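Down below is the structure, laid out as structure tokens.
Only the coordinates and a few stated rules stand behind these numbers; no lab work does. Just so it is clear, the structure is predicted and the values come from calculations on it, not from any experiment. Don't worry about glycine lacking a Cβ; one is built from the backbone with ideal geometry, like all the others, and counts go over all protein chains shown.
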């Protein structure tokens, strides 16, 4: 059995004060079985300017009264998850995405539908990177002296032979142009990297044009 890859798009990074407006998921046991829905954030939810730059939305769009509520969005995702053969999730940053959903679910009194343990693509990628290069991929920490992990999704994609065509903010806050973030696309990118790292295989047809690096093929032999 394989996990369900999941990603959220939110109005900011603060899991307490910000809201979720989009949830995407892909059942890796059947990659054609996907979930993608949007909702409106709650009236009290805050919106961070940096988040708007990444997702390509306006605050008005995130508060669109014509969309389902955030509670309905999460309830719909839980209903979808309840039908999956494996309830563990795969995320690039599970302590963000899963915690965000759990905090909102508790707010609404919803019973969560996923197992609390999750597969972290970041840790998986760092493990294989160290086997190949003899060290973890790190960078200088921004706010303290020392090092910190530099295995974000952009660098994992590069490690897996896939270009990152999404818009992103660098460590200095500079905006790099690209496609606005979308939860389903991020799920597919995460799932594709997981498949290449663990199985040495392409998963989604749209990424088949990018060759799997030989170092990944060697690791699964």
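Taking every alpha-carbon pair under 8 Å whose residues sit at least 6 apart, the chain reaches a relative contact order of 20 percent. Considering only DSSP beta bridges with both partners in segment 59-184, what is the antiparallel share in %, to the nearest 5? Once the DSSP bridges in segment 59-184 are tallied, antiparallel ones form about 55 percent. Where does helix 121-133 land angle-wise versus the long Cα axis of the chain, in degrees 0 to 90, nearest 10? The two axes meet at around 10 degrees.
A convex hull fitted to the Cα coordinates of segment 165-221 yields 104 cubic angstrom per residue. Between residue 204 and residue 147, the simple label model (points 7 Å from Cα in the Cβ direction) yields a spacing of 3.1 nm.
Would you please give the FRET efficiency between residue 158 and residue 43, computed as 1/(1 + (r/R0)^6) with r the Cβ-Cβ distance and R0 = 35 Å, to the nearest 0.05? Here the calculated transfer efficiency is 0.30.
Spherically averaged projected area of the convex hull of Cα atoms, the chain: 12.8 nm². Between 125, 25, 113, the residue with the greatest mean-square fluctuation in the GNM of the chain (Cα pairs under 10 Å linked by springs) is 113. For segment 1-70, the gyration tensor built on C-alpha atoms gives a prolate shape. Its axis ratio a/c (a ≥ b ≥ c) is at least 1.5, and a/b is the larger of a/b and b/c. With semi-axes defined as the square roots of five times the eigenvalues of the C-alpha gyration tensor, the equivalent ellipsoid of segment 4-119 measures 23, 14, 14 Å, largest first.
Within segment 121-219, the ratio Rg/Rh, alpha carbon atoms throughout and Rh by Kirkwood, equals 0.98. Seen against the Cα atoms of the chain and their longest principal axis, helix 183-198 is set at about 30 degrees. Calculate how steeply helix 94-108 sits against the longest principal axis of the alpha-carbon atoms of the chain, using the helix alpha-carbon long axis, and give the answer as 0 to 90 degrees to the nearest 10. Between the helix axis and the principal axis of the chain, the angle is about 20 degrees.
How far apart, in nm, are the 7 Å Cα→Cβ label points at residue 60 and residue 169? Going by the 7 Å Cα→Cβ label model, 2.3 nm. By the equivalent-ellipsoid construction on the alpha carbon gyration tensor, segment 49-92 comes out with semi-axes of 27, 17, 6 Å, ordered largest to smallest.
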